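This report refers to the structure that appears directly beneath it.
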Amino acid sequence: MKVLITGGAGFIGSNLVRYLGEQGDCSVRVLDDLSTGRRENLQGVAADFVEGSILDYEAVKEAARGMDSIVHLGAIPSVPRSIANPRASHEANTTGTLNVLEAAREVGVDHVVVASSSSVYGSNPKLPKSEYDWTRPMSPYAVSKQATEGYALAYQFSYGLKTLAFRFFNVYGPLQPANHPYAAVIPKFLDAALNDRPAQVHGDGEQSRDFTYVDTVCSVIHEAVRLQIHSQDPVNLAYGTNTTLTALLTEIEDQLGHSVARQHTEPRTGDVRASQADNSRVKELFPAVKPVGLHDGLAATIAWFKQEADQA
Ligand code: NAD
């Protein structure tokens with residue numbers, strides 16, 4: 001299978017490039033503008049790398065030519081980043097997605113997987129969150145992800161493109177950077193804990209997340225491209241766990257064998273209070289995938305952070 005991965009130099013993308021390479025049944029091309037991704041993430045990995053933007057339609061078309069599937073991960077992620085610059089998020093995430101879908105249609109790639117986000121559920125308080133529940137985005141990022149999945153699914157109805165829109169829920173693992181202002185919570189907590197700094201907790205720490213280890217995401221996507229799985233509805237890519245930030249810190253302390261100080265700050269605008277996926281659809285579509293639990297995923301992530309620190 002020939003697979004184009006947009007955003008393949010980013011956190012999830014570079015894990016996916018490695019994972020697909022290891023399965024032995026995929027040849028991979030990456031299209032990435034290196035805005036948040038890093039070329040070093042793909043060091044030693046067999047992939048055809050194209051530096052370019054999903055906002056450059058000709059570049060997307062060229063990269064898509066001859067592919068069996070496209071996994072579209074390229075985006076400006078993060079809620080706070082979109083609040084700081086909504087236009088940039090809109091352009092990369094919404095117009096960029098339209099370019100990818102149009103390119104697929106024009107050059108004849110008939111299977112496209114896109115990355116949406118649990119943030120689309122926004123102010124809907126129901127738990128766990130089913131794909132059939134109403135959505136109410138609370139940030140420009142969440143709106144742009146709603147548009148991503150909306151376009152992908154509309155292309156199925158309008159043009160017969162086989163599309164699959166995953167809603168990712170707080171993915172974590174190796175290669176996820178901690179050293180920037182929009183870093184995700186697990187790398188931020190681990191970086192603080194391993195460097196004897198207090199972990200900064202927005203609000204009371206009782207907000208919960210459905211943390212998903214990146215290898216679980218990769219194995220689901222591998223099945224999706226292998227079997228060209230598509231769906232008329234979005235699919236939660238998470239397995240229904242519900243971990244508060246306080247519980248996450250306790251698990252980190254247990255694994256590191258020492259306590260971690262907490263520094264509580266104001267809750268963040270646009271953040272949802274609780275997030276937990278209804279996992280029935282993902283289990284139905286991907287029965288062979290066995291998700292990695294938080295304990296083991298965190299252990300592998302801590303090992304990677306320690307190895308990075310040793311090499312620095
Ligand atoms: P990331 O920032 O590490 O990866 C995004 C990649 O897209 C980067 O390599 C970046 O350089 C690239 N990119 C950005 N703009 C581009 C453009 N115009 N043209 C080409 N490439 C461009 O983020 P990630 O965490 O790996 O996220 C991957 C996808 O998953 C994104 O679509 C994100 O919205 C989605 N997602 C991630 C999470 C999560 O928990 N990490 C949760 C929900 C959704």
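The values are calculated or read from the model by the stated rules, or taken from the named source; none is laboratory data. Please read all numbers here as calculations on a predicted model, not as lab measurements. Using ideal geometry, Cβ is built from the backbone for each residue, glycine included, and neighbour counts are taken over all protein chains shown. For accessibility, only protein heavy atoms count, side chains too; no ligands or nucleic acids. Shrake-Rupley method; radii C 1.70, N 1.55, O 1.52, S 1.80 Å.
Details
- Under a 5 Å amide H cut-off, with hydrogens placed 1.01 Å from N, Q200 pairs with Q263 among residues at least 5 apart or on other chains.
- Carbon + sulfur, % of accessible area of the stretch 173-262 - ligands and nucleic acids excluded, 1.4 Å: 46
- Whole-angstrom Cα spans of the chain along principal axes, big to small: 55, 44, 39
- The accessible-area ordering, largest first, of the residues T135, T36 stands as T36, T135, per a 1.4 angstrom probe.
- Ligands, DNA and RNA are left out, and with a 1.4 angstrom probe the accessible area of the stretch 64-146 is 38 Å² per residue.
- Per-residue [θ]222 nm for the chain (sum of -39500 (n - 2.57) over DSSP H runs n ≥ 4, rounded to 500): -12000 deg cm²/dmol
- Whole-angstrom gap from the stretch 209-230 to the stretch 266-285, using each part's C-alpha centre: 16
- For a label point 7 Å along the Cα-to-beta-carbon line of K290, residues of the stretch 200-234 with backbone N under 17 Å: 213-220, 223
- Couplings 3J(HN,Hα) for the stretch 174-181, derived from phi with the Karplus relation 6.51 cos²θ - 1.76 cosθ + 1.60 (θ = phi - 60°), are x, 6, 8, x, 10, 9, 8, x Hz, where x marks Gly and Pro.
- The convex hull defined by the C-alpha atoms of the stretch 203-285 has an orientation-averaged projected area of 7.1 nm².
- Accessible surface of the stretch 57-97, 1.4 Å probe, proportion on carbon and sulfur as whole %: 55
- Nearest 10 degrees, 0 to 90: helix 140-159 Cα axis against the chain principal axis: 30
- DSSP bridge pairs, the chain: antiparallel proportion in percent, nearest 5: 5
- In this simple spin-label model, placing a label point 7 Å from the Cα along the Cα-to-Cβ direction at both S158 and E62 gives a separation of 2.6 nm.
- Ordering Y159, A184, S231 by the projection of their Cα atoms onto the charge dipole of the stretch 118-240, which places +1 on the Cβ of Lys and Arg and -1 on the Cβ of Asp and Glu, puts Y159 at the extreme positive end.
- Solvent exposure of the stretch 161-312, expressed per residue, is 44 Å² of accessible area, with all protein chains present and a 1.4 angstrom probe.
- Less than 5 angstrom separates the built amide H of R167 from those of S116, V235, N236, L237, all sequence-distant by 5 or more or on a different chain.
- G240 long-range amide H proximity, modeled H, under 5 Å: A277
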